[in-house]
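Down below is the structure, laid out as structure tokens.
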């Protein structure tokens, strides 16, 4: 397992160095700082081996977080540990994760590292639990009451470490957000190569006590199972390729009858993520014509068509139309809606539309002139990108059917549900 | 000086603060101490002052002190022990579990484990889970102790604990101990496995990973049990933590081995793909790991992902390592049902701007085409488009040519039109590998190509400068062309055979040259059968690993990191194997046993990732060692036939044959090796690098040496010269003892008798207190040679380092054997004698070396590794020859006399004598 955990800045200086085992020396670790981080070769692969030491790393902003080992260990676990560690640090620092903040809060991070890992084995990374007994930082609490301390350790090691006893709210509420990211890849001939939806169900709970929740969605398999007819004459419901749950969800139960039951953490958490590839409703269609005239001029005609119900609307649409690096001028003749602007640092023409009603279409017509360059290289025509948000619309057709809450106080919480579909990796090749 | 003052006063100040009575002040001071610790400063002098703070009632301060102690516990155990008593008191403080756990950890670090027993049976789960891990720590330090105290028993007992996290940590600890001990302490049976699977539901994500990792070693007795286990693990595939998902996948695949019913198996396998594919929407690092694992699974179960092909399409924004891994997977999943969209997609990638990616895409097209016949046409069209692209990149073209040669081999008659397109681009083909491929095509299609001979001639002209693989290919192709049309190419083949066997120092090339020569001169018709024999079919070479190898890696699936990274270059290496290698196989076809050897060699080279060049000669050595005379070596490949040297009058090769005999004679004398076997020297140079005597680093600039310009001190430099293969290297270690950063390094070497000239030096800025090691490759350049002054003894190389601090002039000692030719010299016995006679002033000395008294051959290898090449034996003396990098010949006669070795040296340049003596003594006695 991990021999040490390091935080390194862009120059290769060590910000945090916590050793868990003795097999990797500081000198060996410096190899990575000098050879990889400082020389910017970091992008090669997430695992790098130098002289028998394997470095697993990920970079956020200007900080590279690294785990080292000499044994044949579980990479996936350590990489995931690094991600969670970063999230944890963010939660404790209460702001962005960058060199400055780490320098300011290094004692806190050392203390965190000491709790989250023991002898190179990840232990407890639940921010809510750790907040109970980490003594430094903004969220620190006074740890004087021995009884309380005992309770903390029991919770930390219990079957439900994510929720503490005795939570009270005057008004019990649950907010549910269904956020779908739509990934689309369209070939330059207009064929849809792949579409998939990666959705997440984010909850914010303000519930008293230890509530037992049951969450129902229009999952085809569940509805069949529930209707007592496994062959399924019920045609409603959608096919879900895969679901991943927060650790509070009882996986055994889900495997048995596909019902989603759990005791939720307090506050905001991601209940589940899911992936769907079948029967996806695309909210837009992009039809680009990009014509190159020699090496000096390119003509663009990009049409965007919204193909959802006309009573609905999409907001914050950005069509990112790539232009070559050696663009001299960029003229837009007409857009019909929104504004288009050439952004040299992104090598793209950005067409921003605040609001677009369903069932409508607009065309951007523009022209780019190019400066002469020496290189023979052709323009590699990167894909057109699309960002958007469509509220009250799910590309997959997923719907929440119910959320039942049982608690011994027998209250009825207020429930709020929001749906939104966003553009994820939306690429239209040209 | 000033920085030191500052440092010490800083420490003084901290000391004061640590001894303060105010808790806040103490806290701040400890924080500062820890900050200094992080940047690598030694703050151990403050130990007693810091540990004093442990008496404080503040938990926060206690934790900080703990952080400090844990860092120094290993290096200063005696000091840490002092602090422990305070913690021991805490440990008995039944009230506070957090502090008990802290105390427990610190004691382990200082080897105090008496109270660990108490902790293992503590009633608080937090203390127990910490204690469980501590057992693994102790085991690492003193395994005997751990057993003595019965810790392992206690740990095994914890597997029955009611708290799932305690169980998980006990599992993790036992797993770790088993790994270190090489013995399984996690004796799993049906009952414990059941317990562990129960705990799986209640522990946190990390605990689940530990449990999943540990049960993989369990082999269920019957199918039903395996199915039950699978059923209980399957739900984990839905977990949000990718390590849990992969751990579960690994287990399912393991327990599936015990399920015989195919229908049950298929149902389960079907459920595996979706969770893995979902990981491709995770962070790029996880995507990469998932792809590596998918590749591994594909080796065992080829048809799990074929329906998900589109999920492996590259996104524009993917990092390059994800894109490359996706290419591999796409080749892996290609089959009859999905191959069309794969080829279309791969073709699309060929327009990308990243040349590496384009090359790999082209290669992938080739691999898919070789794998699935149906798309051959489509793939070839894509390839043709790329080859004909006027403004396409040259780098991509190289790959296209290599791929084309493979396709032509797989589908011999089908795509001959491709040949014409390739020939058109001849001028742009400039990498060794693509050249080899092109030359192979020339040889193969010589009748279809106009002026094929002329085209090959252009490469023959530069034969001596070409890469070895290109040379081998030129040789093979010219022989092929000659066999097909003996009139047109007789001169050419003669020329090439001569070049290969006489002008080349490479044993592989020479050997193959001899083989062809001998074959052609012995029996041309049979040669034709051998050379133009039907070749074994090309297979898609990407994903095929050796079976046992896959199995081995497979058992480590999802865990292995080092193995994964080893896997990648290995695969490219196989794919990149030059065609010439395949050719060798063809030629040796008549000898079945040989082929087997080849195969085992291939396996070995894959497994150990060793360099081909090293293995090849070794293998030949084992085959040829018993035979000392050259005739037998020539017989290689034709053992069954009598080796005749008689020319057949009717043979068009009569002329050639005569030459062969002639050259055989001269070559015997020229051959610098005798009883070591033809390749002994080569093998030794390659594999016995350890015998090369590397000098120690010498401090050439101390941190108090002032620079020449500003008289600044603070840079320490250590250096040494050594040789690696044929290149001379200057190894420098810099230590920055100033407070600032030193950067902008440059290096110069003063004019010297050998013309040694440094390459570029690459040193990243060195910050205060850091050490940096770099190796400068040196070349021999006559422009930097000082012809007037002969080298002095002892020999130093005057070197200068310029950096942001100052300029430093210094002298690096250099032993003469570093400055000798890295490759064997070719001199004949006669030449040696002539030289020895012509030089009157010889130099003699003796070296005491009991080590080599009995074994002259050891001495020989040793000297040879250090660039003194054995020429011949004379009575009981051995003659060695070498020359310096600036071509001054040196002869050495070694005569053992009891425990001494009497050595006589002879060289035309007198001042070299003391240098040679020094080097030889160093080499023999070190």
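For residue A:54, state whether it is touching a strand residue (DSSP E or B) at 6+ places or on another chain (Cβ under 7 Å), facing chain B (nearest Cβ under 9 Å) and in a strand (DSSP E or B).
Working: touching a strand residue (DSSP E or B) at 6+ places or on another chain (Cβ under 7 Å): yes; facing chain B (nearest Cβ under 9 Å): yes; in a strand (DSSP E or B): yes.
Answer is yes for this residue.
Suppose we filter the range A:285-296 for residues that are at pLDDT 90 or above and either within 14 Å of chain B (Cβ to nearest Cβ) or out of contact with any strand residue (DSSP E or B) (no Cβ under 6 Å at 6 or more places or on another chain) (or both); how many remain?
Adding up the residues that qualify gives 1.
Taking the range B:32-46 only, how many residues are touching a residue at least 12 places away in the same chain (Cβ under 8 Å), surrounded by fewer than 19 Cβ atoms within 10 Å (Cβ to Cβ) and more than 10 Å from chain A (Cβ to nearest Cβ)?
3
Looking at (1) buried (at least 16 other Cβ atoms within 10 Å of the Cβ); (2) away from chain B (no Cβ under 14 Å); (3) outside any strand (DSSP E or B), which is the only condition residue A:430 fails?
Looking at each condition in turn, residue A:430 falls short on (2).
For residue B:739, only one of the following conditions fails: (1) touching a helix residue (DSSP H, G or I) at 6+ places or on another chain (Cβ under 6 Å); (2) within 15 Å of residue B:796 (Cα to Cα). What is its number?
In the conditions (1) touching a helix residue (DSSP H, G or I) at 6+ places or on another chain (Cβ under 6 Å); (2) within 15 Å of residue B:796 (Cα to Cα), residue B:739 misses (2) alone.
With the requirement that a residue be within 24 Å of the chain's Cα centre (by Cα) and not in a strand (DSSP E or B), what does the range A:383-419 give you?
Scanning the range A:383-419 gives A:383, A:392, A:393, A:394, A:395, A:396, A:397, A:398, A:399.
Among residues belonging to the range B:353-375 that are crowded, with 19+ Cβ neighbours inside 10 Å and either more than 33 Å from the chain's Cα centre (by Cα) or outside any helix (DSSP H, G or I) (or both), point out the one that is farthest from the other protein chains (Cβ to nearest Cβ).
Among residues in the range B:353-375 that are crowded, with 19+ Cβ neighbours inside 10 Å and either more than 33 Å from the chain's Cα centre (by Cα) or outside any helix (DSSP H, G or I) (or both), the one farthest from the other protein chains (Cβ to nearest Cβ) is B:372.
Can we say residue A:8 is at the interface with another protein chain (Cβ under 7 Å from one of its Cβ atoms), modelled with pLDDT of 85 or more, in contact with a helix residue (DSSP H, G or I) (Cβ under 9 Å, 6 or more places away or on another chain) and farther than 27 Å from residue B:133 by Cα?
When the stated conditions are applied, residue A:8 does not pass them.
Residue B:107 - would you say it is at pLDDT below 65 and assigned to a helix (DSSP H, G or I)? Working first, answer last.
Working: at pLDDT below 65: yes; assigned to a helix (DSSP H, G or I): yes.
In short, yes.
Looking at the range A:88-97, is at least one residue touching a strand residue (DSSP E or B) at 6+ places or on another chain (Cβ under 7 Å), modelled with pLDDT of 90 or more and in a helix (DSSP H, G or I)?
Within the range A:88-97 (the criterion being touching a strand residue (DSSP E or B) at 6+ places or on another chain (Cβ under 7 Å), modelled with pLDDT of 90 or more and in a helix (DSSP H, G or I)), the answer is no, since none of the residues qualifies.
When the residues of the range A:38-50 are narrowed to those that are modelled with pLDDT of 70 or more and closer than 25 Å to residue B:743 by Cβ, which ends up surrounded by the most Cβ atoms within 10 Å (Cβ to Cβ)?
A:48
Just give me the residues in the range B:52-68 being over 16 Å from residue A:106 (Cβ atoms) and within 8 Å of another protein chain (Cβ to nearest Cβ), in sequence order.
Listed by number, the list holds a single entry, B:59.
State all residues of the range A:98-113 that are within 12 Å of chain B (Cβ to nearest Cβ) and either outside any loop (DSSP other than H, G, I, E, B) or surrounded by fewer than 18 Cβ atoms within 10 Å (Cβ to Cβ) (or both); if no residue qualifies, say none.
Of all residues in the range A:98-113, those within 12 Å of chain B (Cβ to nearest Cβ) come to A:102-113.
Selection gives A:102, A:103, A:104, A:106, A:107, A:108, A:109, A:110, A:111, A:112, A:113.
Taking the condition farther than 17 Å from residue B:117 by Cα and at pLDDT below 85, does residue B:194 pass?
Numbers: farther than 17 Å from residue B:117 by Cα: yes; at pLDDT below 85: no.
Here the answer is no, as residue B:194 does not meet what is asked.
Give the residues of the range B:320-340 that are buried (at least 17 other Cβ atoms within 10 Å of the Cβ) and at the interface with chain A (Cβ under 8 Å from one of its Cβ atoms), sorted by residue number.
B:321
Would you pick out the residues in the range B:185-194 that are surrounded by 14 or more Cβ atoms within 10 Å (Cβ to Cβ) and assigned to a loop (DSSP other than H, G, I, E, B)?
Listed by number, the residues that qualify are B:185, B:186, B:188.
For residue B:148, state whether it is free of Cβ contacts under 8 Å to residues at least 12 places away in the same chain and over 22 Å from residue A:161 (Cβ atoms).
yes
Does the range B:235-254 contain any residue that is more than 38 Å from the chain's Cα centre (by Cα), surrounded by fewer than 22 Cβ atoms within 10 Å (Cβ to Cβ) and farther than 30 Å from residue B:320 by Cα?
So far as the range B:235-254 goes, yes, one or more of its residues are more than 38 Å from the chain's Cα centre (by Cα), surrounded by fewer than 22 Cβ atoms within 10 Å (Cβ to Cβ) and farther than 30 Å from residue B:320 by Cα.
Scan the range A:249-263 for residues that are facing chain B (nearest Cβ under 8 Å) and either in contact with a helix residue (DSSP H, G or I) (Cβ under 7 Å, 6 or more places away or on another chain) or in contact (Cβ under 8 Å) with a residue 40 or more places away in the chain (or both) and jot them down.
A:251, A:252, A:254, A:255
From A:61, A:74, which residue is surrounded by 18 or more Cβ atoms within 10 Å (Cβ to Cβ) and either closer than 22 Å to residue B:765 by Cβ or assigned by TED's automatic domain parsing to the domain that holds residue A:116 (or both)?
On the way: A:61 fails: surrounded by 18 or more Cβ atoms within 10 Å (Cβ to Cβ).
That would be A:74, the only listed residue that is surrounded by 18 or more Cβ atoms within 10 Å (Cβ to Cβ) and either closer than 22 Å to residue B:765 by Cβ or assigned by TED's automatic domain parsing to the domain that holds residue A:116 (or both).
Which fully enclosed helices (runs of 4 or more DSSP H) of the range B:207-280 have 1 or more residues being under 27 Å from residue B:173 (Cβ atoms) and either without any contact (Cβ under 8 Å) to a residue 40 or more places away in the chain or within 12 Å of chain A (Cβ to nearest Cβ) (or both)? Reasoning before the result, please.
On the way: elements: B:223-233, B:242-256, B:262-278.
By residue number, B:223-233, B:242-256.
Somewhere in the range B:828-836, is a residue surrounded by fewer than 18 Cβ atoms within 10 Å (Cβ to Cβ), in contact with a strand residue (DSSP E or B) (Cβ under 6 Å, 6 or more places away or on another chain) and in a loop (DSSP other than H, G, I, E, B)?
Scanning the range B:828-836, I find no residue that is surrounded by fewer than 18 Cβ atoms within 10 Å (Cβ to Cβ), in contact with a strand residue (DSSP E or B) (Cβ under 6 Å, 6 or more places away or on another chain) and in a loop (DSSP other than H, G, I, E, B), so the answer is no.
Suppose we filter B:325, B:334 for residues that are under 24 Å from the mean Cα position of the chain (by Cα), more than 23 Å from residue A:244 (Cα to Cα) and modelled with pLDDT of 85 or more; which single one remains?
Unique residue meeting the criteria: B:325.
Could you check the range A:155-193 and list, in sequence order, the residues that are within 14 Å of chain B (Cβ to nearest Cβ), touching a helix residue (DSSP H, G or I) at 6+ places or on another chain (Cβ under 6 Å) and either assigned to a loop (DSSP other than H, G, I, E, B) or touching a residue at least 40 places away in the same chain (Cβ under 8 Å) (or both)?
A:159, A:161
The values are calculated or read from the model by the stated rules, or taken from the named source; none is laboratory data. Since we're looking at a predicted model, the values are computed, not measured. Methodologically, a virtual Cβ is constructed for each residue, glycine included, from the backbone with ideal geometry; neighbour enumeration extends over all protein chains shown.
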